[in-house]
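**Student:** Before anything else, here's the structure in question.
Nothing in this text is a laboratory measurement; each read-out follows from the coordinates by a stated rule. Computed from a predicted structure; not experimentally measured. Cβ sites come from the backbone with ideal geometry, for glycine too, and all protein chains shown count toward neighbours.
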Amino acid sequence: MEIDKAIRESNDQRLKTKYNNAINVIQRALALYPIEEVAFSFNGGKDSTVLLHLLRAGYFLHQVDCGHSNGDLSGHSSTFPIRTIYFESPSAFAEINSFTYETASSYGVQLDILRQDFKSGLEALLKTKPTRAIFLGVRTGDPTAVGQEQFSPSSPGWPPFMRVNPILDWSYRDVWAFLLTCKVPYCSLYDEGYTSIGSVNDTAPNALLCIKDSASGKEKFRPAYMLSDGRLERAGRARKLSPPNAGRITTVSNGLKSVESHQSNILTASIIAVGDEILFGTVEDQLGASLCRKLHSIGWMVSRIAVVRSDVDSVSEEVERQKSTSDMVFLYGGVGPLHSDVSVAGVAKAFSVPLDLNEEFEGHLRRLYGEKCTADLNKMAQLPQGITELVQHEKLLVPLIKCENVMILGATNVDELEQQWDSLIDLRCSNLVPPTEPFVSKNLTTSLSDLEVAQPLSKLSIEFPDIYIGCYRKSRSGPIKVTLEGKDEEMVEAAMEAVSRTLSSSSSSCFLGK
C-alpha cells in the first residue's frame, strides 16, 4: 500500500509517530464498528484529504491484521470501502468541487452528495443509512474541535453517532509533511496561497504568503506549505459581513420605530446567560435584570436576553446570532476551569477562531492563584485567538475578556457585577461603554381597564413612533402603570401630555407620575 510504504521510508520521526497514532485510532474504530456502519465526511480540504489517505492505509492494514490480505504493500484496492459524505454547497470554490469529484474517481470513492447544511443532511442520511461512527478531519485549533477527543459522541441536539478524529493532535506542519511525503494530490488552491479554505464569501489567499514578482512587479502567493507559522493558517479567513441593518433597531413595533443606531444615539445590547442551573430552576438569575437596569441607565437599549445551556454549540449559536445585530453582547456564566465552563470556547467557535494560550492572562491568573491547579489555570488561559482584548482596571482581580463586540463577564453574583460594571464605566475612553444620552422616562398610573387603554395607547404609539409606550400591572386588581421612554425630552413631554389627556378623557382616575 503506497501510503504506508511512503511513511515507513520517510526520515521524519515526528510524522511517523503521528501516522502510527492516527492508524491506531482508525483500526480501533474499524474493530468497534462494522464497515457498513461507519462513514467519512470529506470536503476536499487539506485535512480531509490527509484523512482520506489515512483511511485507505488504515483499512488496508486492518485487513492484513484480520487475515484478509497477504500484506503486499505494493498495490491498493481500486474501491474505497467506507461510505463517504460530501456536503455540496453553492458557496464552495469550483476548485474544491472539481478536486473532490476527481479524487473520488481516482480512488474509487462512492460519494453520498448532500445539498443541505451539515446537521440537516446528517439527520436525513442517518434515517436511511444507519451510521454509528463518522470519521472527521478535525484538528485541535479548529473552531469545531473544542472539547473533542479522538472518540467523542455527537453534541446534544444532533443525531447520535460517534465522532472519530484520527488527526486531532496533528499540526499544520504535520498535515503538509504527510501530503508532501506521500506525494498525493491536493486542491490547487493551496498552491495559490490559500491556507484554510471555507466558502467563496469568507476566504482569501493568506497575505503572509504574498510576495512581489521581481520581473513583473505584480503580487503573487507562495504555496500553503511554505507558511512558517501554522498558528496563522486561518489568517486568510475573513469575518462574516454583518447584514446591512446590523446593530440597528428597525422594527420595534411599540416606540423607537425605525431608529438606526448609526443615525441616532441609541445603542443596542443583548445579554446571554450561560448555565444549566438557571434552566433547571436550581438558581435564580439576578444578573440579567441588574445588567438591564445598568445598561438602561446609561442610554442603551437591551434588545434580547437569552439563557442557554452549558454547551459549546448552544453558546456558539446564540453568540453568532447576537453579535451581528447588537452593538455589544454581554455574556456571563460558564467562565472558569470546570467541565461545564464552556463560554469562552463557545465565543471562539462563533467567531470561527481557535483557542490559544494567552500568556498575559495566564500571568494574571498565576498572580491571583499562585501555583495551584496548574492544568486548570492553563485551560482558563486558553482564549479566542486573534480577537481577544484584555480589559484591565485596578478594581478587577483579573481582566475581563472582550472579543470584538462580545464582552465576557466573570461575575457570579450581583456584587461582582457591580464591581465589573464600575470598571467598564471608568473605561469610557476605550469605547467599551460608549457615551450616549440617557433615556428620559415618564410614567403615570390609571385605574382604567386593559380594554379601555388598549386602543388609545395603540394610536398614540403610531403618533409618537420614536417613543416607547408600555404598560404593566403589579397585580391583577391593581392600577395600570403607563411608561414612556425616549431620548428627546421635549418629545417625551409631548407624548406624556397626549397620553394623560387621552386617558383623562376616558376616566377621572388618572394620576401623573414623574
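**Student:** Quick one: go through segment 1-38 and flag any residue whose amide nitrogen is under 16 Å from the point 7 Å out along the Cα-to-Cβ line of E149.
**Tutor:** What the label zone holds, given the 16 Å backbone N cut-off, is 25-26, 28-29.
**Student:** Neighbouring Cβ atoms within 10 Å as the yardstick, rank F40, F135 fewest first.
**Tutor:** F40, F135
**Student:** For segment 57-63, just list the computed ³J(HN,Hα) in residue order, Karplus coefficients 6.51, -1.76 and 1.60, θ = phi - 60°, integers in Hz, with x standing in for Gly and Pro.
**Tutor:** After applying 6.51 cos²θ - 1.76 cosθ + 1.60, I find 5, x, 5, 4, 5, 4, 5 Hz.
**Student:** Can you pull a Stokes-Einstein diffusion coefficient for the chain at 20 °C (1.002 mPa s), Rh from Kirkwood over Cα pairs, as a whole number of µm²/s? Please list the in-between numbers first.
**Tutor:** Details: Rh = 26.7 Å.
Rounded, D is 80 µm²/s.
**Student:** Express in whole angstrom the spacing between the alpha-carbon centres of segment 106-143 and segment 148-185.
**Tutor:** Comparing the Cα centres of segment 106-143 and segment 148-185, I get a distance of 13 Å.
**Student:** So, one more: Give me the orientation-averaged projected area of the Cα convex hull of segment 1-140, in nm², one decimal. Walk me through the intermediate numbers first.
**Tutor:** On the way: hull surface 36.5 nm².
That works out to 9.1 nm², a quarter of the Cα hull's surface.
**Student:** Moving to a separate point now. Provide C210, C187 in ascending order of the number of other Cβ atoms located within 10 Å of each residue's Cβ, fewest first.
**Tutor:** By the 10 Å Cβ count, ascending: C210, C187.
**Student:** Grab the other residues whose beta carbon is less than 11 angstrom from that of S340, score K and R as +1, D and E as -1, and report the net.
**Tutor:** After counting each charged neighbour, the total is -3.
**Student:** If contacts are Cα pairs under 8 angstrom and at least 6 residues apart, what is the relative contact order of the chain in percent?
**Tutor:** 10 percent
**Student:** Okay, next question. Would you calculate a helix-derived [θ] at 222 nm for the chain, using -39,500 (n - 2.57) for each DSSP H run of n ≥ 4 and dividing by the full residue count, to the nearest 500? Working shown, then result.
**Tutor:** Values: 15 runs with 181 residues, N = 514.
One gets -11000 deg cm²/dmol as the mean residue ellipticity at 222 nm.
**Student:** Note down the Stokes-Einstein diffusion coefficient of segment 187-236 in µm²/s, whole number, using a Kirkwood radius over alpha carbon pairs, 25 °C, and 0.890 mPa s.
**Tutor:** 222 µm²/s
**Student:** What does the extension gain come out to for K127 and E493, with contour length at 0.36 nm per residue minus their alpha carbon separation?
**Tutor:** Extra length from K127 to E493 when fully extended: 125.6 nm.
**Student:** Can you list the residues, at least 5 places off or on another chain, whose amide H is less than 5 Å from the amide H of D285, using H built in the peptide plane?
**Tutor:** none
**Student:** Shifting gears a bit: If neighbour count is taken as other Cβ atoms inside 10 Å, put H62, H296 in order from fewest to most.
**Tutor:** Listed from fewest to most nearby Cβ atoms, that is H296, H62.
**Student:** For segment 84-154, calculate the relative contact order in percent as a whole number, restricting contacts to Cα pairs under 8 Å that are 6 or more residues apart.
**Tutor:** Details: 35 pairs, mean separation 21.5, N = 71.
With pairs under 8 Å counted, the relative contact order is 30 percent.
**Student:** While we're looking at this one, here's another question. When the chain is fully extended, how far beyond the present Cα-Cα distance does D191 get from A207, taking 0.36 nm per residue of separation?
**Tutor:** Roughly 4.4 nm would be gained on extension.
**Student:** Give the long-range amide H neighbours of V406: residues separated by 5 or more places, or on another chain, with amide H under 5 Å away, using H modelled in the peptide plane at 1.01 Å from N.
**Tutor:** V329
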